[in-house]
Ligand SMILES: [Cu+2]
């Protein structure tokens, strides 16, 4: 368990760096929505006002208050915002953290962050099926990996493995893509922007990496929303696999 935690922390730090870089790269295009060409992007039907660039709108306290202010729960659909904030202060939190609904209703998650910071909505019901977002995989002997993009400044992380094999570190589909592991252990991948009906017996239900609309990096599944319909009363805890301190709860009555 300790090793896993250390690995997770290492991976989280690496991903933090990665996304800081992605954030920096995408920041100029993200800054443009103050013009007209993508003026709808910040709204996402959530009643969120566009940030104007007057005073201090990047401060954590401003962003936190803003994200907590707007609640949307109508027609049996409770919308929860995964993350929020902007370039200076992306928020790694669910807003609100507790959603209370009735049996048969739905929770929909969106990511209103104005820079490309991803989150997951991950329910780990049996306590053993959490998924790291990258891991070591065995390559057959004498195989090599090269980038699919010609002349890319890229090289896969490959290490010597046992018996002449190689170990490649690759992204984990069960973290990155919408995934369900049912009571019998069967793994099913949902299409991007999964719309899942939870029966309460699952071992693992994951949104995949949920990006702000229009900010999915190349190579990632195009996911900017996730919906779960709850058919059984109970308390459903979930977390974000990218930022394990992000925790939320759906109470179904
Ligand atoms: Cu997160």
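The values are calculated or read from the model by the stated rules, or taken from the named source; none is laboratory data. Owing to the predicted nature of the structure, the values given are computational and were not obtained by experimental measurement. Here the Cβ positions follow ideal geometry from the backbone for every residue, glycine too, while neighbour counts run over all protein chains shown.
Of note:
- Residue 242 meets the conditions (1) within 16 Å of the ligand (Cβ to nearest atom); (2) buried (at least 19 other Cβ atoms within 10 Å of the Cβ); (3) at pLDDT 95 or above in every case but one. The failed one is (3).
- Residue check, residue 11 surrounded by 14 or more Cβ atoms within 10 Å (Cβ to Cβ) and at pLDDT 50 or above: no
- Once segment 207-222 is narrowed to residues that are touching a helix residue (DSSP H, G or I) at 6+ places or on another chain (Cβ under 9 Å) and within 15 Å of the ligand (Cβ to nearest atom), the residue that is modelled with the lowest pLDDT is 220.
- Inspection of segment 150-167 finds no residue satisfying the criterion of being touching a strand residue (DSSP E or B) at 6+ places or on another chain (Cβ under 9 Å), modelled with pLDDT under 95 and within 16 Å of the ligand (Cβ to nearest atom).
- All strands (runs of 3 or more DSSP E) inside segment 65-116 with 2 or more residues being farther than 17 Å from residue 227 by Cβ and within 16 Å of the ligand (Cβ to nearest atom): 77-85, 90-95
- Apart from one condition, residue 249 fits all of (1) within 16 Å of the ligand (Cβ to nearest atom); (2) assigned to a loop (DSSP other than H, G, I, E, B); the exception is (2).
One line per residue, one yes/no per condition, for (1) surrounded by 15 or more Cβ atoms within 10 Å (Cβ to Cβ); (2) over 21 Å from the mean Cα position of the chain (by Cα); (3) modelled with pLDDT of 95 or more:
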{"position": "51", "(1), (2), (3)": "yes, yes, no"}
{"position": "55", "(1), (2), (3)": "no, yes, no"}
{"position": "86", "(1), (2), (3)": "yes, no, no"}
{"position": "111", "(1), (2), (3)": "yes, no, yes"}
{"position": "123", "(1), (2), (3)": "yes, no, yes"}
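- Exactly one residue out of 236, 189, 196, 204 is at pLDDT 95 or above and more than 24 Å from residue 103 (Cα to Cα): that is 189.
- Flag for residue 178 being at pLDDT below 95 and within 16 Å of the ligand (Cβ to nearest atom): no
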